[in-house]
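Working notes, structure below.
Each value in this text was obtained by applying a stated rule to the coordinates, not by laboratory testing. Computed from a predicted model, the values in this text were never measured in an experiment. Every residue, glycine as well, gets a Cβ built from its backbone with ideal geometry; the counts of neighbours run over all protein chains shown.
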Amino acid sequence: MEPQDLLDAILNEQRKILSGYGGSEKTDPIRLTEARQPSHVAISLMGEPTLYPYLKELIEEIRNRKMTSFLVTNGTNPHVLRDLNPTQLYLSLNAPTEDIYMRISNPQENLWSKILESLNALKDLKSRTVIRMTLIRNLNMSDPIKYASLLKIAEPDFVEVKAYMHLGKSRERLSRENMPSHQEVLIFSSELGQAIGYELSNQVPLSRVALLSASRRRNPIKIA
């Protein structure tokens, strides 16, 4: 599907989902109007977005319509990332070493070298950048120093450290024991932050997530 048609379809589906809320007395009409005219587009969740051949054009179309784009990638297509300029780019980094990556991801082919290429590419992007780490107790929640060595390559603006949650199909291969507590996330984040010189700027105990920020801050996101 062409980028313009895809974005039109996304916005149409958003309005369809909201269509029933107008008749409820509990609905805030101002919020409903805002929801019908979204300002932000998240390109994530279903599969790896960098496989879409017109991703660059889609991001440009989003910008042309005065919306922001938030791209989430697993970093396995570095050649694509170098050519993109989303408002904010999230790269998921869920292993500190190649061995742990292979154990967690169980990929059909070893793409660790591609992830390292993406980390190298990240620091040169114009976008605001975030490394997102999902910690799994007894699996990848170890050696913050090795994680730090990878983060120093990418020089992201932020590092989001969150706990694995025992939900969805992950329950078929992981247990509730694999979920770290929020306190564990904070301890790991503190060690990681000290190793890379980032500070804890926010945390959400309910979601078991901590946000580390670089001392150098890029300008706040603005809608074009």
*Would you mind calculating the gained length between SER170 and ARG36 on full extension (0.36 nm times residue separation, minus the Cα-Cα distance), in nm to one decimal?*
44.9 nm
_Rh by Kirkwood over Cα pairs, then Stokes-Einstein D for region 1-138 at 0.890 mPa s and 25 °C, µm²/s_ = 145 µm²/s
*At what distance in nm do the modelled label points of ASN110 and ILE10 sit from each other, each positioned 7 Å from its Cα along Cα→Cβ?*
3.6 nm
*Which of HIS40, HIS182 comes first, and how do the rest follow, when ranked by fewest Cβ neighbours within 10 Å?*
HIS40, HIS182
*Could you please state, rounded to a whole Å, how far the C-alpha centre of region 141-187 is from the C-alpha centre of region 1-79?*
27 Å
*For the chain, modelled as a Gaussian network with Cα springs under 10 Å, which listed residue fluctuates most, GLN14, GLN194, GLN88?*
GLN14
*Kindly provide the helix-only [θ] at 222 nm of the chain, computed as the sum of -39,500 (n - 2.57) over DSSP H runs of four or more divided by all residues, to the nearest 500 deg cm²/dmol?*
-11000 deg cm²/dmol
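For the peptides 20-30, 129-139, what is the packing order when you average, over each peptide's residues, the other Cβ atoms within 10 Å and list the highest mean first?
129-139, 20-30
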